[in-house]
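Worksheet: one structure, shown below.
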Amino acid sequence: MSHKSPKDFFAPLAVGAPAPLREIPARPSRAIHFFDPSNPKMAAKVPDMVGTVDVLLGNLEDAVKADNKLAARQGLVDIAKATDFGKTQLWTRINSLDSPWVLDDLVTLVTEIGDKLDVVMVPKVQGPEDIHYVDRLLAQLEAKGGVERPILIHAILETARGVANVEEIALASPRMQGISLGPADLAADRKMKTTRVGGGHPGYLVRQDPVDGDIQGNRTIFQQDLWHYTIAKMVDACAEAGIYPYYGPFGDITDVVAAEDQFRNAFLLGCVGTWSLHPKQIEIANRVFSPSVEDIKHARRVVKAMGDGTGAVMLDGKMEDDASLKQCLVLVDLAEELAAIDPKLKELYDTIEIED
Ligand code: GLV
Ligand code: MG
């Protein structure tokens, strides 16, 4: 690796670009709702969705037909200019770095609506060099467009090389906001044999031992999570870098139960949110990625019982100490962040009574 002084890591990469952030703000992003800005019906719904979802994302990449790429880009510019997003964040997913569209995506979006764009999602990231490319380009364009706060970068983890390099990707720039799992592209790139967009597969299972040697008899099977290893690896890389991990798409819109399970697994492992491909999934994500009343009740009880935060106490026959207090504070802090933008949650959390 070539040398770079730690001091220079936080210098803008272009003259006149805003200074990089030293910390990525913990803004709620439980659901990142995808819309196709080239689809007039979908685009017309966007202003009404402001305030109902943490993140609205104008998608320019996969799922937008090649013939519609320019219309999608222009549609996003028009929507962004015409809409006041309030506390809802506006993100985009640009085309991949090996496509003929991505350069104009960035030039147009940053110079025309750079002051409205919070995060640029970069698909099919292979290594830190992809982040460096976007990092410098964003700085040049921010300077050109007079953008006053740095636009952040979110990488999608959807290539085998990307997974191998995930730590370096997470640490590649102070602009790195987070990483999402891209199970469809990743499955294809790895030559996995599932054809589903995220979620489990009935063939990926473990089976109970035969009862009384009856191999063909009734043996309970347990479906396993195909994505566990990748999500766990991504969560570690993000936590190390001080950025945020996300689950990605769950393609079976009708199976709201399995979507909820997949989202909850990701939440329990450390993810802060997921993608939403349909308004139905927003409600699920908002619920799953917000700590439950029971979680907060327990967490606040531990905080209270632990006093100055040191030592150990017994609650309901369970040991609590400095470390389990920290676990509880993860939930208490998250609840506070979410309550600050979600009045219904605030009311819910405010009414919780703590037992001794
Ligand atoms: C998302 O982009 C995916 O490929 O799963
Ligand atoms: Mg993809």
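Read-outs throughout are calculated quantities, based only on the coordinates presented, and are distinct from any laboratory measurement. Quick caveat: nothing in here was measured; it's all calculated off a predicted structure. No Cβ is skipped: glycine too gets one built from the backbone with ideal geometry, and neighbour counts run over all protein chains shown.
Within the range 214-239, being charged (D, E, K, R), over 16 Å from the mean Cα position of the chain (by Cα) and surrounded by 12 or more Cβ atoms within 10 Å (Cβ to Cβ) holds for R219, D225. Restricting attention to the range 198-240 and to residues that are closer than 21 Å to A164 by Cα and part of a loop (DSSP other than H, G, I, E, B), the residue that is nearest to ligand 2 (Cβ to nearest atom) turns out to be G198. Restricting the range 38-56 to residues that are among the hydrophobic types (A, V, I, L, M, F, W, C) and in a helix (DSSP H, G or I), which is nearest to V197 (Cα to Cα)? Ranking the candidates gives M42 first. Would you confirm whether or not the range 84-106 contains a residue that is over 25 Å from D130 (Cα atoms) and either touching an Asp or Glu at 6+ places or on another chain (Cβ under 6 Å) or of a type in the set (S, T, Y) (or both)? For the range 84-106, residues over 25 Å from D130 (Cα atoms) and either touching an Asp or Glu at 6+ places or on another chain (Cβ under 6 Å) or of a type in the set (S, T, Y) (or both): present.
Anything in the range 166-191 that is within 16 Å of ligand 2 (Cβ to nearest atom), surrounded by 22 or more Cβ atoms within 10 Å (Cβ to Cβ) and part of a loop (DSSP other than H, G, I, E, B)? List them, or say none. Across the range 166-191, the qualifying residue is only G182. With the condition kept exactly as written, say whether any residue in the range 3-17 is in contact (Cβ under 8 Å) with a residue 40 or more places away in the chain, in a loop (DSSP other than H, G, I, E, B) and in contact with a Pro (Cβ under 8 Å, 6 or more places away or on another chain). So far as the range 3-17 goes, yes, one or more of its residues are in contact (Cβ under 8 Å) with a residue 40 or more places away in the chain, in a loop (DSSP other than H, G, I, E, B) and in contact with a Pro (Cβ under 8 Å, 6 or more places away or on another chain). Taking helices (runs of 4 or more DSSP H) as the structural unit, those lying wholly within the range 57-165 and holding at least 3 residues that are crowded, with 18+ Cβ neighbours inside 10 Å correspond to 69-82, 102-113, 128-145.
Put simply, of A184, A172 the only residue that is more than 16 Å from ligand 1 (Cβ to nearest atom) and touching a residue at least 40 places away in the same chain (Cβ under 8 Å) is A172. In the range 52-67, the residues that are without any contact (Cβ under 8 Å) to a residue 60 or more places away in the chain form Cβ pairs under 6 Å with partners that are acidic (D, E) and within 15 Å of ligand 1 (Cβ to nearest atom), at six or more places apart or across chains, as follows: N59/D36; V64/D36. Being touching a His at 6+ places or on another chain (Cβ under 8 Å), among the hydrophobic types (A, V, I, L, M, F, W, C) and under 24 Å from L338 (Cβ atoms) is a description that applies to V53.
For the range 49-65, residues that are out of contact with any strand residue (DSSP E or B) (no Cβ under 7 Å at 6 or more places or on another chain), farther than 10 Å from N95 by Cα and not aliphatic (A, V, I, L, M) total 3. Looking at the range 259-356, the helices (runs of 4 or more DSSP H) lying wholly inside it that each contain 2 or more residues that are among the acidic types (D, E) and more than 30 Å from Q224 (Cα to Cα) sit at 322-341, 343-350. If you go through the range 87-113 and keep only what is among the β-branched types (V, I, T), within 16 Å of Q74 (Cβ to Cβ) and in contact with a strand residue (DSSP E or B) (Cβ under 7 Å, 6 or more places away or on another chain), you end up with T92, I94. Picking from residues in the range 63-89 that are of a type outside the set (D, E, K, R) and touching a helix residue (DSSP H, G or I) at 6+ places or on another chain (Cβ under 6 Å), the one that is nearest to V125 (Cα to Cα) is V64.
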